[in-house]
1. Filtering segment 3-43 down to residues that are more than 17 Å from Val108 (Cα to Cα) and among the acidic types (Asp, Glu), which residue is modelled with the lowest pLDDT?
2. Which one of Ser95, Ser110 is of a type in the set (S, T, N, Q), modelled with pLDDT of 85 or more and touching a strand residue (DSSP E or B) at 6+ places or on another chain (Cβ under 6 Å)?
3. Just to check your reading of the model, which residue among Ala67, Ala81, Ala61 is at pLDDT 80 or above and exposed (fewer than 12 other Cβ atoms within 10 Å of the Cβ)?
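The values are calculated or read from the model by the stated rules, or taken from the named source; none is laboratory data. Everything quoted here is computed from the prediction, not taken from an experiment. Every residue, glycine among them, receives a Cβ derived from its backbone with ideal geometry; neighbour counts consider all protein chains shown.
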Amino acid sequence: PNSLLESGAVTVTGMDGARFGRAGGAYTHVLCDVPCSGERHVLSSNSGTGSGPGAELSGLASWTESAGRRLRSRQRSLLKAAIASCAPGGRIVYSTCSICPEENDGVVGSVLSKRKDFTRTAEEGRGLCFDVGEMTEHG
């Protein structure tokens with residue numbers, strides 16, 4: 001709602017998310033919704049991404065391991081920026097549409113292993129606020 005924007009409670013920017021960490025811990029809540037490979041959509045026959053049966057698989061034909069590595073590098077950069085922009089005691093939600101563990105727990109685990117000052121606080125039963133997705137090692 002416009003009232004959230006007008007009150008300053010929500011900030012909308014058009015900058016590269018990997019540079020957003022320069023805000024210096026200014027936010028108590030950060031949504032880090034990263035680009036992903038989208039296997040979930042490829043596997044869904046009702047994804048609406050194609051024009052006929054099997055059209056969803058067209059993206060899979062262009063996938064390469066090096067593209068996956070570049071994507072995970074981008075995801076790590078975005079999560080690091082989210083951490084840098086989060087105030088002490090704040091919360092970050094890391095979100096993908098991927099079912100690939102390397103893009104989910106792999107990215108979160110990799111970043112947290114290098115940030116001993118930052119901890120995961122997802123509590124059992126509180127990991128998801130909505131009845132979508134699935135629980136993973138990191139929430």
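1. Glu39
2. Values: Ser110 fails: touching a strand residue (DSSP E or B) at 6+ places or on another chain (Cβ under 6 Å).
Just one listed residue meets the conditions, Ser95.
3. Numbers: Ala81 fails: exposed (fewer than 12 other Cβ atoms within 10 Å of the Cβ); Ala61 fails: at pLDDT 80 or above.
Criteria check complete, one pass: Ala67.
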